[in-house]
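> What follows is a structure written as structure tokens; I'll ask about it next.
The values are calculated or read from the model by the stated rules, or taken from the named source; none is laboratory data. Note that this is a predicted model, so its numbers are computed, not measured. Every residue, glycine among them, receives a Cβ derived from its backbone with ideal geometry; neighbour counts consider all protein chains shown. Quick note on the areas: whole protein, heavy atoms, side chains included, nothing else; ligands and nucleic acids left out. Shrake-Rupley method; radii C 1.70, N 1.55, O 1.52, S 1.80 Å.
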Amino acid sequence: MSESAAPEAVVVIDDDYAMRLSCAKIVSKMGLRVEVFEDGARGLEAVAALKPGLVVVDLKMPGISGLEVVSRVHEIDPQIIMVVITGYATIDTAVEAMKSGAYDFLPKPFSPDELRLIVNRGLERRRLALESQRGEVERALLKRTFVTFVSHQLRSPLAAIHQYLDVLQRLDEAGDSPARRREWIGRCLKRTEELQSLIADWLTLARVEGGALLKERVEVDLKSTIVNILENYRAMAAAEDVALEVSLPEGETRVRGDRTCVSVLFDNLITNAIKYNRRGGKVTVSGGFCDGEIVIAVGDTGVGIPEKYRPFLFDEFFRIKDSGVKRTEGTGLGLHISKRIVSEMGGSIEVESQAGIGSTFRVRLPAWREPADDAEMGGWE
Amino acid sequence: MTTGGKRILMVDDDEDFVEAVACFLEANGFTVLRAHDGKEGVRLAKVERPDLILMDIMMNERTEGFFAIHEIRGDPEIKHTPIFVLSSFCSRLPDLEIPAAGGWLAHDMFLPKPVNTAHLLEKIRQRLGKAA
Ligand SMILES: Nc1ncnc2c1ncn2[C@@H]1O[C@H](COP(=O)(O)OP(=O)(O)OP(=O)(O)O)[C@@H](O)[C@H]1O
């Protein structure tokens, strides 16, 4: 796992003053240490002394060329990630640079987000390389900053939808087939849903992060919330040939929280239990009480979650990409959001799973107490 | 058809994007080969020898397209295949012809994604016309 010792250093080598300045600003805002240099010679000296995690270098500089910097940095330490800045004039050199071991390139002009994305990805790549070098679990987990990843995830479905519409419009004149037209409209709808769920997830996360849960805490009845959600997914479950079973306890199942967030929490767990199930399988939602807490378990008979992935399950954007696992749509935000919601509510969430047999997500939430109790406990100022 | 059944290889990890553009090109008389990652793209380029390649850059969360282009340009058998880069990297820029230098051929292009297909068609016809 990545330990959080001293922040990694990033070295920027560029003869353009404004470029150095803005790179430095962006990178230091990422919580990384950054040093800037105006030419290759000074930059290389610093790289040897500092042993940074990542070096950003402009390919077009007087003096030692960017290309030479790339290979010399790798003589110093082949594990340093090299990112080259390139304009169209040097795009051929960029390919050369990649050949001599640069990790990625940044086409000019680039936005702060693009720089952040590439720096993050580069450093993550380095961590993975260093980790596997130490013989630790190899994992394809790429953790990213939220905004950069989201903007990339937003672009792809939009481009696909746009392209279908563009071509539909043009094929019209050439006379296309109605079957294809129908299929494409279906695909556009799917990609639109992808966009919508991404945006919905994004908003929920913002809501949780903005402390909405602490502000508007009302009583929410878990039993009726869950029954409503299950009702909504009857059709989806039937289509997947998955049975839905529910056995919630008699008695009070009220908790204190934000209505939307509580729905989102169980919605995520239930849809996952359906999505990652098998045909003929089932989802069981059961409940009970334990030490003043309400415990709700969402169990499935699906693919299960291999042990090596469990530590990352609640990380943002984490999705299992094993070839064995069936491909489903998803943002990889659901469980992360669920965990945030649960902890904001003073509860906990855990998972038990056996690969090939199924998984159970167990949520514990403090049971609702009458406000009078609160007044006694909190006291009045 | 004036295109005479020319073959185009499209390398892009978004199946929907490929489907839309490929069908458009097919409706205009081209044969389209499809690859969904850089490796498969290079393999098809070598085996199938397409007349032109449309290449995405960001695939599978990295700039895989550049590696693919580099490999294609490094293979003497196929290095003269024209390549058009279709990438959202280019969406803020006007489409530009890349100067003939290094690994790039004269008239290779960068086009923004999503792409104006009529414009793409025109550029492909021009390019293949030149090659013929
Ligand atoms: N019940 C489950 N059984 C097996 N694997 C699961 C289950 N729930 C989650 N996972 C795995 O954990 C990953 C993360 O789940 P999460 O809910 O965060 O995202 P998602 O399902 O990919 O997308 P979305 O947020 O749109 O639901 C999933 O991609 C899946 O691989």
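> Work through the residues other than A:THR331 whose Cβ is under 10 Å from its Cβ and net out their charges, Lys, Arg +1 and Asp, Glu -1. Display every interim value, and only then the final one.
Values: positive: A:ARG319; negative: A:GLU194, A:ASP201, A:GLU316, A:GLU329.
Result for the neighbourhood of A:THR331: -3.
> Can I ask one more? Please give the average number of partner chain Cβ atoms lying within 10 Å of the Cβ of each residue in A:100-106, rounded to a whole number.
Mean number of neighbouring Cβ atoms from other chains: 2.
> Same structure, new question: Express the Stokes-Einstein translational diffusion coefficient of region A:281-322 in µm² s⁻¹, to the nearest whole number, given a Kirkwood radius over alpha-carbon pairs, 25 °C and a viscosity of 0.890 mPa s.
D, rounded to a whole number, is 193 µm²/s.
> One-quarter of the Cα convex hull surface for region A:243-297, in nm²?
Average of the hull's projected areas for region A:243-297 equals 4.3 nm².
> Same structure, new question: Two decimals is fine: what's Rg over Rh for region A:178-225, C-alpha atoms, Kirkwood radius as Rh?
1.30
> Averaged across the residues of B:110-123, what count of C-beta atoms belonging to other chains lies within 10 Å of each residue's C-beta?
Working: counts 3, 0, 1, 7, 11, 4, 3, 6, 2, 0, 1, 1, 0, 0.
The mean count of partner-chain Cβ atoms within 10 Å per residue comes to 3.
> Counting Lys +1, Arg +1, Asp -1, Glu -1, what net charge surrounds B:ALA45 among other residues with beta carbon under 13 Å of its beta carbon?
+1
> How many Cβ atoms of partner chains, on average, are near each residue of B:15-26 if near means within 10 Å of its Cβ?
6
> Is there a pair in A:LYS25/B:LYS113; B:LYS6/B:LYS46; B:LYS46/B:LYS123; A:LYS25/A:LYS108; B:LYS6/B:LYS123 whose C-alpha atoms are over 19 Å apart, and which pairs would that be?
A:LYS25/B:LYS113; B:LYS46/B:LYS123
> Just order A:330-337, A:229-236 by mean Cβ neighbour count inside 10 Å, highest at the front, would you? Please list the in-between numbers first.
On the way: A:330-337: 20.8, A:229-236: 14.1.
Order by mean packing, descending: A:330-337, A:229-236.
> Using a 1.4 Å probe, how large is the accessible area of B:PHE67, given in Å² and rounded to the nearest 10?
Roll a 1.4 Å probe over it and B:PHE67 shows about 70 Å².
> To continue, here is another question. Share of Cα-Cα pairs in region A:170-272 beyond 24 Å, in percent?
Values: 2390 of 5253 pairs.
It works out to 45 percent of all Cα pairs.
> Take every Cα-Cα distance within region A:5-116, group them into 5 Å bins from 0 onward, and report for each bin the whole-number percent of pairs it holds.
2, 13, 26, 28, 21, 9, 1, 0
> Tell me the accessible surface of A:SER353 in square angstrom (1.4 angstrom probe, heavy atoms of protein chains only), to the nearest ten.
20
> Give the ranking of A:LEU32, A:LEU106 by solvent-accessible surface, highest area first, calculated with a 1.4 Å probe.
Most to least solvent-accessible, the answer reads A:LEU32, A:LEU106.
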